[in-house]
1. Using the structure shown, select from Lys240/Lys294; Lys253/Lys315; Lys235/Lys272; Lys74/Lys210; Lys188/Lys273; Lys220/Lys240 the pairs with a Cα to Cα distance greater than 24 angstrom.
2. Which of the lysines could be linked to Lys113 by a straight reach, that is with a Cα gap under 20 Å, when you skip same-chain ones fewer than 8 residues away?
3. Treat the count of other C-beta atoms within 10 Å as a stand-in for reagent exposure and order Thr329, Thr215, Thr4 from fewest to most.
4. Please list, by residue number, every one of the GluC sites (Glu not before Pro) in region 262-334 that is coil in DSSP and has at most 11 other beta-carbon atoms within 10 Å.
5. Tell me, what is the percent relative contact order of region 145-287, built from C-alpha pairs under 8 Å that lie six or more residues apart?
Amino acid sequence: MSRTTFILIGILYYIFTIAIIIVVLNFINKKEEKKYKNEISTLERDKNLIVGASILSELNKVGALINNEVMQKKYDDWCSRLKEIKEVEVPKITDGLIEIEEAFQDKDYKTLKAKIASLELEIAYVKTKSNFLLDEIKEITLSEEKNRETITKLKADYRAILSKYNSHKEEYSEVSTPLELQFENVDKLFSAFEKTMENNEYTEVGKIVKAIGDTVGNMKMVIEEAPSIIIMGKKLIPNKILDITKISNKMIKEGYNLEYLNIDYNIAEANKKIEDVFGRLNVLNLEDSVFELKTILDYFDSLYHNFDKERLAKKVFEDYKRSILIKATKLDKISNDLNKRIDDLRYSYDLVDEDIKVLDDIKDKIGEVKDDYNRVIDMERRKSFAYSRLSKEMEIINVKLSKTEEKLDQTLRSLASLKEDEKRAREQLDEIKKILHQAKSNLKSYKLPVTPKNFYVELSEASSAIGDMIKELDKRPISIKTLNTRVDTARDLTFKVFNTTKEAVKTAKMAEMAIVYGNRYRAVHKDVEVGLIKAENAFSKGNFKASLENAINAINIVEPGIHKRLIEEYK
């Protein structure tokens, strides 16, 4: 392509791009223009709806109802406010709309946007004033229908209340006079309502309707709750008070301390509260009355639980009273016996100071327990505290005594173990001597050519350990810890001697038996003879293990597996 063609194509692209930009901008401009046009139309519509036909219609209705000065003043005020909206507020909105139209025509969208936002707020403000005015007017124009509907419901409620009262008059004996006076008042209020409606005194109707609603609502509550209040205040609570008084007096005579329950004070306060409730009931004021009486009932019901708690506490106290005395006396006797024998124990056994101190601590603890016990018993005699308190005190004393008993038991076991260890050591001394004698007998049971080299060393060590054990047993006081060490050493060394002799005799027997068995092959196999000669030489020198190994190896040449058969034969 020639240069001219390239230039033409470039120009075409440039023109096409410019055209697209113009179209897009035109589209955006038209879209924005349409948006603002719709917003202006909406503002125009909202302005026209500020003063609708309904407000004028309702105001005309009020004009026909005027029959007193108060209504006339209200009507004049509403007309004045409507006039201000129509002649001042609406024209200002109209002027604002004109300014918006001019900005729209000039395409001054920046100014247009701000003016639209400002006018929207102004229209909303004026519209709120108009709606508020309409609601005030409707309170009068719709009051008859609304109040009639309300009064109809109240009359139905009132008839139901009156019917329930007449059907159960005996349940309302305490409040019959104020109730009947209130019935008369309600009848007068209903008559006043009718008269006010006839005279179109709508400003007073609302007050009368509210008074009727409050009175009927209060009477409904009285009719529903008064029987419960009367039953609780005149029967249930007085009966509870009589029963509680009877039980508490009986328990006090039996030795119970019930001062902490403050029964007399609470009964007096309950009677005051009941008197106050019935005082308010006479003026038909039932506020919190049911709650207060139920609270009083719950309190007296809780006293039965407290009485049961005290009875149980007394039983627990009596059990502790006996068991602690018996246990403390027993422990005191054991402790005294131990302290009397402590010198003998010190002579017999090497006791440390800590062992002696434990006995002193136990004696002191038992003394403390006895002092606490006597203090609580004195409190019971003087009836200073309730059994619930005394039983807890006894429980604490019992815990202390149990800990002391456990400590004493441990001490007794520890001291008893000293004698047991000494006794066991003497018994083991006899057993060790028997084992050592058996070890010597083992050597005599089979005539060995040579006594094992280590026998005399081990025998000497065992005999020395037995001698140390005998010396320790003859000492006063005995150190049980040292004695136990001497016993363990003597026993281990004696068993060592026993095992040495037993093993030597056993091995020698097997070696001799193997040599005798192998003699049958001496003449037929030279290697067998050589092996058996080595076995005989080792046997004569007292090396029984080597003798056995040489004999078995020699025989194994001609009889593989001879080792197992020899062991079976030996067994």
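1. Lys188/Lys273; Lys220/Lys240, as the Cα separations exceed 24 Å there.
2. Qualifying lysines at Cα under 20 Å: Lys30, Lys31, Lys34, Lys35, Lys37, Lys47, Lys92.
3. Ranked by crowding around the Cβ, least crowded first: Thr4, Thr329, Thr215.
4. Within region 262-334, the qualifying GluC sites (Glu not before Pro) (loop, at most 11 other Cβ atoms within 10 Å) are Glu287.
5. 34
Taken together, the values in this text are just the output of simple stated rules run on the coordinates, not laboratory data. Just so we're clear, the structure is a prediction, and the values are computed from it rather than from any experiment. Glycine gets a Cβ as well: all are built from the backbone with ideal geometry, and neighbour counts include every protein chain shown.
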